[in-house]
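Bear in mind that the values in this text are calculations on the coordinates, not laboratory data. Nothing here was measured: the structure is a model prediction, and the numbers come from that model. No Cβ is skipped: glycine too gets one built from the backbone with ideal geometry, and neighbour counts run over all protein chains shown.
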Amino acid sequence: MATVTALAVFLLQSAILTLCIVAVRRRNIAAAINAVGAFVLALLPVFVEIVLPVLLTRSVVFGPVLPLWLAAAGFLHSLGMLGLYESTWWWDHLTHTVSAALVAALLYAGVIVTLPDIAGIGDASGIVMTVAVVFTFAIGVFWELIELVAREVGERFDIEPVLIHYGWRDTVVDLGFDVVGALLVIGADLRIFVPLMEQSPGVTGAVLVGSGWIVFGGSVLMALLIGLGNSMRF
């Protein structure tokens, strides 16, 4: 099973790299940059497993699921950037659901490990579920604001934006599918990443808190920048 998963990850990573080459040949800079980002993210678990013991004399085992999920989400997004987002109406919904489900699964496991007294031994409590869904939604808002900032930067400097914003209606729909992805994880009580988080509960808690501040502070800052940019046009 591990060999099959490793092969699937390798094939998806190769596919992302191929999509990057296709984007370069088409001179689609935005698609190329997104494919590079997806490829790096797909390799991140392997890179951390190799480098961490050297730098900090401690190890972490991510397992096969996280690299596979990252590679699959990156492949879907990279393929979408080459035209499927525009030509296939449901492609954006699919990518948001898959990506949000991954985020929610990581958050769900992180909250369970960080707050074991609340999570309990049996089914996770409503508090843990709510935190995971709300945090996933907040990260979705953070991402949509990044798309808006990318559009503003592109318009200001007359360059192609790295991320494409399709309007406010699309933003609302995207956030809706982010919630769908989170609810699928919560509904299935998917604890697949709990063993990963349990390897270092202290780090897990610190990452959750730090991520929360980054998402909150970054969202406020980007909202202010977007508002300031819009006001300067009038």
| note | Checked against the structure, the computed Rg and Dmax of the Cα atoms in Å among (i) 18.2, 56; (ii) 16.8, 51; (iii) 18.7, 60 is the one labelled (iii)
| remark: Expected vector for the range 102-114, Karplus 3J(HN,Hα) from phi with 6.51, -1.76, 1.60 and θ = phi - 60°, integer Hz, x for Gly and Pro, equals 5, 4, 5, 5, 5, 5, 4, 5, x, 5, 4, 6, 6
| For the range 1-88, max minus min Cα coordinate along each principal axis, in Å, sorted largest first? | 46, 29, 17
| query | If you bin the C-alpha pair distances of the range 104-234 every 5 Å from 0, what whole percents do you get? | reply | 2, 10, 17, 18, 17, 12, 10, 7, 5, 2, 1, 0
| task | For Phe142 and Val22, calculate 0.36 nm times their separation in residues minus their Cα-Cα distance, and state this gained length in nm to one decimal. | result | 40.3 nm
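Near Val113, within a Cβ-to-Cβ distance under 11 Å, what is the net charge of the other residues, with Lys and Arg +1 and Asp and Glu -1?
Working: positive: Arg191; negative: Glu198.
Surrounding charge for Val113 is 0.
Can you sort Asp174, Asp189 by how many other beta carbons sit within 10 Å, fewest first? Let's see the in-between values first.
Details: Asp174 22, Asp189 12.
The most exposed by this proxy come first: Asp189, Asp174.
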| For the range 30-42, 3J(HN,Hα) per residue [Karplus equation, 6.51 cos²θ - 1.76 cosθ + 1.60, θ = phi - 60°, Hz, x = Gly/Pro] | 4, 5, 5, 5, 5, 5, 4, x, 5, 5, 4, 5, 5
| request: Specify the inter-centroid distance of the range 24-70 and the range 131-181, based on alpha-carbon positions, in whole Å. | output: 22 Å
